[in-house]
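The values are calculated or read from the model by the stated rules, or taken from the named source; none is laboratory data. Quantities reported herein were computed from a predicted structural model and do not represent experimental measurements. Please note: Cβ atoms are built from the backbone with ideal geometry, for glycine as well, and neighbour counts cover all protein chains shown.
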Amino acid sequence: MNGRDIDELLSQSAVRNAETSAPDAAAVNRARAAVLESLTPVRPLPRSPLLAVLFVGICAAAGIGGGIALRILGWPALTPLQRSAIFPLLAVLSAAASLLCAWEMVPGARRVRARTVFMVAFASLEAVFLLTFSDHSMGRFVHSGMSCLGAGLIVAAPVAILAIAIMRRGAVLDRSSGAAAVGLVAGLAGLCALEIHCPNLRVWHVAVWHMGVVAIAVGVAVAISGLAVLGGKREG
């Protein structure tokens, strides 16, 4: 037996195996029909930058509108240095959190972990407050603080609800990370409103109560993420 004979035997064996293992045509047709019947048309998602612009718009509208509704007392009390340090940073962080929300809607999209964005946002804002505010007195720490905390969360709540409604149009696979992104956008909106409204420039008031709005918004959003509120329609 030479090499040609061996090749012929192997070819015949492959043909026999293929014939014996061929799938049933009727079964294949039934499976194909079942799959095709379950398919429904989907509407493609907008590109991530456009979604990010939408989230930024919601955050800015709520933050500025909330500050105006609460009364503009904080803006005139801030020094030019404080304004130029706080509000541009809020704009950058809101854009980053909004882009994170957009990325969370698209499986496989390039993204940074929400935990990282939150830590950078929190640390940078606290640093700005500690460096630009000089009044370390406590004043009516709890009484005035609870008032600001409640006002900030009232502004943040509708932002979170609207952001969740938008994110459900996508396919959020990591609900915890998606919820943290929503909470960060909402918390930054509440913080922006407080900086426009609140004339209390004590360091610890701002560092604890104003920043508490951001921390609580993120924490609550992550805590309820297990309720599948970000399940999504798997579009796009």
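Every condition in (1) of a type in the set (Val, Ile, Thr); (2) closer than 27 Å to Leu201 by Cα; (3) exposed (fewer than 13 other Cβ atoms within 10 Å of the Cβ) is met by Val120 except one, and the failing one is (3). For region 81-109, a tally of residues being assigned to a helix (DSSP H, G or I) and either of a type in the set (A, V, I, L, M) or under 14 Å from Phe129 (Cα atoms) (or both) returns 19. Within region 32-90, if we keep just the residues that are modelled with pLDDT of 95 or more, among the polar types (S, T, N, Q) and surrounded by fewer than 16 Cβ atoms within 10 Å (Cβ to Cβ), the residue that is nearest to Phe118 (Cα to Cα) turns out to be Ser84.
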